[in-house]
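Comments concern the structure below.
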Amino acid sequence: MRGGEELDGFEGEASSTSMISGASSPYQPTTEPVSQRRGLAGLRCDPDYLRGALGRLKVAQVILALIAFICIETIMECSPCEGLYFFEFVSCSAFVVTGVLLILFSLNLHMRIPQINWNLTDLVNTGLSTFFFFIASIVLAALNHRTGAEIAAVIFGFLATAAYAVSTFLAVQKWRVSLRQQSANDYIRARTESRDVDSRPEIQRLDT
């Protein structure tokens with residue numbers, strides 16, 4: 001009996017020791033939320049963005065830039081070729097950059113990178129695409145040889161310019177709204193902090 005009691009006491013001490021060591025050990029089980037470890041598993045398409053004006057315009061921009069690029073790629077002979085090469089570069093760049101932004105916005109991937117001002121990024125992309133598509137279309141219209149592919153590329157180039165111009169106008173409005181909201185939030189935060197300081201005189205005494 002005494003041996004059994006000593007054995008029970010030893011097991012109790014061992015369990016208590018293990019609990020204490022487990023509590024003080026720096027290697028605790030991770031409590032990281034499951035949502036943060038999913039990576040790209042929780043992706044969902046945002047139909048509201050695709051139904052909105054900005055989403056529809058961005059889809060149209062991708063399609064028009066792609067068609068313009070395909071048209072310019074079907075041209076086999078050119079002289080001079082500088083205008084063709086410039087239009088090819090502009091249409092390809094616009095298609096790639098706008099396509100990436102469309103994927104980010106439609107899947108809400110931009111919400112996972114809040115360090116980037118996405119409204120300003122979209123505004124810069126649409127503004128530059130409008131300008132360069134307009135210049136490239138004018139140059140190609142002036143230097144083309146009136147072939148079917150060149151005429152089609154010029155037409156789709158001007159259509160893409162119009163789509164990017166409208167999107168630029170909407171992006172400017174959205175950017176201004178975001179700036180106003182940020183200014184209002186900063187003002188409210190500053191007023192709240194000043195009220196907290198006024199309601200706690202001990203903070204003022206410490207500051208003085």
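A few notes on this one:
- If you filter segment 108-134 down to residues that are among the hydrophobic types (A, V, I, L, M, F, W, C) and in contact (Cβ under 8 Å) with a residue 40 or more places away in the chain, you find that the one that is least open to solvent (accessible area, probe 1.4 Å) is F133.
- Selected residue [open to solvent by less than 30 Å² (accessible area, probe 1.4 Å), among the aromatic types (F, W, Y) and touching a residue at least 12 places away in the same chain (Cβ under 8 Å)] from F158, F105, F95, F86: F105
- Residue in segment 165-174 that is among the charged types (D, E, K, R), within 14 Å of the chain's Cα centre (by Cα) and within 25 Å of R44 (Cα to Cα) present: no
- Only one of the numbered conditions (1) more than 18 Å from K58 (Cβ to Cβ); (2) of a type in the set (G, A, S); (3) at pLDDT 80 or above is violated by A160, and that is (1).
- Top-ranked residue of segment 135-155 - restricted to ones that are over 17 Å from I67 (Cβ atoms) and open to solvent by 70 Å² or more (accessible area, probe 1.4 Å), ranked as modelled with the highest pLDDT: I138
- Selection within segment 67-78 - without any contact (Cβ under 8 Å) to a residue 60 or more places away in the chain, surrounded by fewer than 19 Cβ atoms within 10 Å (Cβ to Cβ) and either of a type outside the set (D, E, K, R) or closer than 19 Å to L123 by Cβ (or both): I70, M76
- Within segment 156-167, the set of residues being in contact with a Leu (Cβ under 7 Å, 6 or more places away or on another chain) and either within 12 Å of N125 (Cα to Cα) or aromatic (F, W, Y) (or both) comprises F156, S167.
- Hey, V177 assigned to a helix (DSSP H, G or I), surrounded by fewer than 12 Cβ atoms within 10 Å (Cβ to Cβ) and at pLDDT 75 or above or not: yes
- Summed over segment 42-65, the residues that are farther than 15 Å from A163 by Cβ, aliphatic (A, V, I, L, M) and either in a helix (DSSP H, G or I) or open to solvent by less than 30 Å² (accessible area, probe 1.4 Å) (or both) give a count of 1.
The values are calculated or read from the model by the stated rules, or taken from the named source; none is laboratory data. Please read all numbers here as calculations on a predicted model, not as lab measurements. Virtual Cβ from ideal backbone geometry, glycine too; neighbours counted across all protein chains shown. Areas reflect the complete protein model, heavy atoms only, side chains present, ligands, DNA and RNA absent. Shrake-Rupley method; radii C 1.70, N 1.55, O 1.52, S 1.80 Å.
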